[in-house]
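J.: Questions regarding the structure given below will be posed in turn.
The values are calculated or read from the model by the stated rules, or taken from the named source; none is laboratory data. Please read these numbers as outputs of a predicted model, since none were measured by experiment. Reconstructed Cβ throughout: ideal geometry from the backbone, glycine too, with neighbour counts over all protein chains shown. Side chains included, ligands, DNA and RNA excluded: accessible areas come from the protein's heavy atoms. Shrake-Rupley method; radii C 1.70, N 1.55, O 1.52, S 1.80 Å.
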Amino acid sequence: MSLIKLEYIWLDGYKPTQSLRSKTKVVKAEEFDGTLASLSMWSFDGSSTEQAPGGSSDCLLKPVYVVKDPQRKNGYLVMCEVLNADGTAHESNGRATIEDDDNDFWFGFEQEYFLWDPRTNKPLGFPDGGYPGPQGPYYCSVGAKNAYGRDIVEEHLDVIIEAGLNVEGINAEVAAGQWEFQIFAKGAKEAGDQIWIARYLLERIGEKYGVSVNWHCKPLGALDWNGSGMHANFSNTTLRTCGSKEMYEKICEAFRPVVKEHIDVYGADNHLRLTGKHETASIHDFSYGVSDRGASIRIPIASVQRGWKGYLEDRRPNSAADPYKVAARIIKTVKSVGA
Ligand code: ADP
Ligand code: MN
Ligand code: MN
Ligand code: MN
């Protein structure tokens with residue numbers, strides 16, 4: 001009799017930044033046919049994850065997305081939503097707040113992160129007690145002098161491809177030890193699911209190398225090093241087909257009065273990153289512009305060249321943001337002008 005390992009993955013209730021949690025459920029092969037429909041609900045101790053009081057600690061795990069686990073024999077990764085014991089969505093459950101039932105919204109997230117050496121408490125490539133040379137040579141670099149941690153990055157890329165995630169690319173980023181992957185999905189919920197599973201796999205691969213992942217948006221503080229973002233590229237039928245500069249401007253303008261509501265879900269400590277330097281806009285301003293990497297929202301030149309048919313890029317979400325909450329808020333704002 002063969003057995004299947006199902007890794008149930010969820011987000012805890014820590015504030016302001018939620019972390020990944022997971023545990024393994026072993027089931028008989030005949031109980032699971034590879035589909036979501038054959039996965040059962042499960043539960044966990046919410047008092048250990050800041051999701052429930054000790055006296056009434058059960059939270060429910062509702063499977064919502066499943067992929068093969070390439071690193072585990074007979075394994076699958078099961079992304080879950082957290083529900084209260086009565087079956088309602090838990091307040092930490094950002095996925096349940098996404099209003100995109102027809103999957104009209106497409107999202108491409110550019111996830112930046114630092115590979116972090118827990119012994120030095122610095123990024124890979126930072127010498128003990130000092131700093132490497134200033135930014136410049138690291139972005140898209142090759143060679144042991146400038147690119148650090150490629151073995152981890154390559155293993156991660158292979159694993160997420162094998163899991164079936166729709167990764168579109170990777171690159172070394174502007175700071176030493178900083179990298180990026182891009183994931184795209186047609187449907188906001190699936191885009192979030194894929195980002196979280198990709199984050200999970202990166203963390204797990206790091207365990208093997210004794211390297212952690214630092215998702216903080218400005219892990220080197222005010223020093224002259226880039227922070228980490230998670231640019232959110234998005235479109236819906238209107239943005240993909242309208243052919244209208246006026247419509248693009250109307251949608252961008254819809255973001256102006258709700259800056260605070262967006263920043264609230266764009267990741268902790270974003271004021272440290274959105275300074276107006278290092279290819280960011282100030283957290284206090286709102287701007288948009290064609291090809292403008294110093295704007296809050298960039299209108300990619302490709303969208304203009306196709307006759308105002310394409311997508312927009314909100315550059316403000318940071319590397320530690322929850323893609324579910326980011327997507328939910330963007331969808332709400334775009335829909336607010338009937339687009
Ligand atoms: P850059 O670094 O120049 O900002 P990237 O190539 O890293 O750009 O990322 C661009 C992202 O835009 C990709 O993740 C891609 O999937 C996404 N994208 C492209 N077309 C669309 C679209 N129509 N809707 C949503 N996202 C899109
Ligand atoms: Mn990019
Ligand atoms: Mn980048
Ligand atoms: Mn970008």
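J.: With the requirement that a residue be small (Gly, Ala, Ser), without any contact (Cβ under 8 Å) to a residue 40 or more places away in the chain and on the phi < 0 side of the Ramachandran plot, what does the range 290-329 give you?
T.: In the first step, residues of the range 290-329 are kept if they are small (Gly, Ala, Ser); the result is 291, 294-296, 302-303, 307, 310, 319-321, 327-328.
Narrowing further to those that are without any contact (Cβ under 8 Å) to a residue 40 or more places away in the chain: 291, 294-295, 302.
Answer for the range 290-329, where residues must be small (Gly, Ala, Ser), without any contact (Cβ under 8 Å) to a residue 40 or more places away in the chain and on the phi < 0 side of the Ramachandran plot: GLY294, ALA295, ALA302.
J.: Please give the strands (runs of 3 or more DSSP E) falling wholly within the range 57-144 in which 3 or more residues are under 21 Å from ASN214 (Cα atoms) and touching a helix residue (DSSP H, G or I) at 6+ places or on another chain (Cβ under 7 Å).
T.: Values: elements: 58-68, 75-83, 106-117.
Answer list for the range 57-144: 106-117.
J.: Show the residue pairs meeting these rules: Cβ distance below 9 Å; 6+ apart or different chains; first residue within the range 206-221 and in the same structural domain as GLY177 (by TED's automatic domain parsing) and closer than 14 Å to ASP151 by Cβ; second residue at pLDDT 95 or above and aromatic (Phe, Trp, Tyr).
T.: GLY206/TRP116; VAL211/TRP116
J.: Considering only residues that are among the small types (Gly, Ala, Ser) and within 9 Å of ligand 1 (Cβ to nearest atom), which ones fall in the range 218-242?
T.: ALA232, SER235 - these are the residues of the range 218-242 that are among the small types (Gly, Ala, Ser) and within 9 Å of ligand 1 (Cβ to nearest atom).
J.: Right, here's the next one. So how many residues does the range 319-339 have that are crowded, with 24+ Cβ neighbours inside 10 Å and charged (D, E, K, R)?
T.: Number satisfying all stated conditions: 1.
J.: Which ones in the range 147-158 are open to solvent by less than 30 Å² (accessible area, probe 1.4 Å) and either over 16 Å from GLN111 (Cβ atoms) or free of Cβ contacts under 8 Å to residues at least 40 places away in the same chain (or both)? Don't jump to the end; show me each part of the working.
T.: Here is the first cut: in the range 147-158, the residues open to solvent by less than 30 Å² (accessible area, probe 1.4 Å) are 147, 149, 152-153, 156.
If the condition is that a residue be open to solvent by less than 30 Å² (accessible area, probe 1.4 Å) and either over 16 Å from GLN111 (Cβ atoms) or free of Cβ contacts under 8 Å to residues at least 40 places away in the same chain (or both), then ALA147, VAL153 are the ones that fit.
J.: Same structure again: Would you be able to tell me the number of residues in the range 145-178 that are away from ligand 3 (no atom under 14 Å from the Cβ), outside any helix (DSSP H, G or I), hydrophobic (A, V, I, L, M, F, W, C) and in contact with a helix residue (DSSP H, G or I) (Cβ under 7 Å, 6 or more places away or on another chain)?
T.: The qualifying residues number 2.
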